[in-house]
Amino acid sequence: MTSLAAVLEDLLASTGASRVTLRRDVPGDYAFPVVAEALAPGVGSLREERSVHLPGQPVVAELERGYQVVQDDSRTAYDDPAFQRMLVAYGGLAAQIVTPVHEGGTLAAIVSVHQLGSPREWTEAEVAAAAAAAERVRGLL
């Protein structure tokens, strides 16, 4: 049986990104904490990062509506000050693919692919791989 960790490691390998995270909606926890992640060498973990209030972030609003968010240059995606602070808190987040996992019409988990340092253009195959990983996660939850 495939594990959540294996799904994230596969996605990290297929995209060559800096980090892949899985966040879960934990009752009573406003931060949608990271419950699993895969990291490229030298990339910091987000497991203990608690300064970002995710439900207030514009990306989460898109996810709640069922959209996958693809940003080639996250720094230009939103002017929202909280979003800009999140980019710094997440280690210089420069590009991302963020995919929702819904259960019963509710956002239950988030699969994120992060590129740190410099923007990058995500390929159709990488975007599709993130969507496929989210489906695999849904099956494992």
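Counting only residues 5 or more places away or on other chains, whose amide H sits under 5 Å from the amide H of Ala94 once H atoms are built in the peptide plane? Sorted by chain and number, the residues that satisfy this are Gln115, Leu116, Gly117. Extension gain for Glu62 to Ser45 (0.36 nm times residue separation, less C-alpha to C-alpha distance): 3.7 nm.
Couplings 3J(HN,Hα) for the range 109-119, derived from phi with the Karplus relation 6.51 cos²θ - 1.76 cosθ + 1.60 (θ = phi - 60°), are 7, 9, 9, 10, 10, 10, 10, 9, x, 10, x Hz, where x marks Gly and Pro.
Between exposed chymotrypsin sites (Phe, Trp or Tyr not before Pro) in the chain, where DSSP calls loop and at most 15 other Cβ atoms lie within 10 Å, what's the longest gap? Could the numbers behind the result be given before it?
Working: sites that count: Tyr30, Tyr67.
Counting only loop sites that pass the neighbour cut-off, the longest clear stretch is 68-141.
Which FRET efficiency, nearest 0.05, do Ala5 and Glu121 yield, Cβ-Cβ r, R0 35 Å? Here the calculated transfer efficiency is 0.80.
Of the GluC sites (Glu not before Pro) in the range 3-106, the ones in a loop by DSSP (not H, G, I, E or B) with at most 11 other beta carbons within 10 Å are Glu48.
Bear in mind that the values in this text are calculations on the coordinates, not laboratory data. Bear in mind that the values here come from a model prediction, so they are computed numbers and not experimental data. Positions of Cβ are backbone-derived with ideal geometry, glycine not excepted, and every protein chain shown enters the neighbour counts.
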